[in-house]
Amino acid sequence: MSEGLITSLVERATNPSEGIVVEEVRLQLSDAIKATFNATTPDSSAGCTEAICALRKQLEFGNAVVNKNALLLFDFLFLHCGNEFVVALTSKETLGCLHHFITKHAAGQIKQRENRQLCLNLIAQWAIQIEHRKRTLSACNEKHLGSPTKLNPPLPPNETKAVELRELFETLVRENCKFPQSIWDQ
């Protein structure tokens with residue numbers, strides 16, 4: 001896999017002037033990222049890291065349309081690229097970038113305020129999905145291993161790291177960010 005292919009696909013998927021079928025590019029990007037998982041490179045998460053760096057750049061320097069497409073692409077990759085992507089997403093740099101994006105667009109253009117709300121909603125949904133996954137894993141372990149007191153093994157590194165996403169969500173709640181009722185109903 002040539003270095004830069006993933007960055008190029010991120011740019012194509014977030015560029016509104018491309019006139020391309022975004023879904024096809026998203027699937028190509030997902031496949032390119034997953035191909036790095038089995039690569040013989042020392043870092044099997046290199047594809048995730050490259051994608052996230054490119055997405056952070058789009059959030060930092062893109063216009064409102066590019067920002068929205070970048071946020072939607074973050075969500076697509078969260079749903080389709082597995083634990084490796086979740087771990088890369090929950091890096092301090094990326095969570096800091098998302099938090100900065102939310103803070104930066106608290107007031108301003110309507111489109112960017114809409115993107116800010118989209119970012120808030122995605123962070124909440126991701127945190128909830130991770131929490132649900134941990135509960136499901138715990139319940140499955142309890143069913144197969146016995147009482148819950150025997151459970152509580154340490155979480156795998158990728159699950160431990162994903163807790164940082166939940167902490168960002170809780171920080172946003174403390175900062176009085178508004179979330180739709182559907183988030184609280186989950």
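Within the stretch 73-86, being over 9 Å from the mean Cα position of the chain (by Cα), closer than 19 Å to Thr7 by Cβ and buried (at least 16 other Cβ atoms within 10 Å of the Cβ) holds for Cys81, Glu84. Taken together, the criteria exclude Thr171 from residues that are open to solvent by 30 Å² or more (accessible area, probe 1.4 Å), over 17 Å from Ala51 (Cβ atoms), in a helix (DSSP H, G or I) and modelled with pLDDT under 65.
The values are calculated or read from the model by the stated rules, or taken from the named source; none is laboratory data. Bear in mind that the values here come from a model prediction, so they are computed numbers and not experimental data. Every residue, glycine as well, gets a Cβ built from its backbone with ideal geometry; the counts of neighbours run over all protein chains shown. Only protein heavy atoms, including side chains, enter the accessible area calculation; ligands, DNA and RNA are left aside. Shrake-Rupley method; radii C 1.70, N 1.55, O 1.52, S 1.80 Å.
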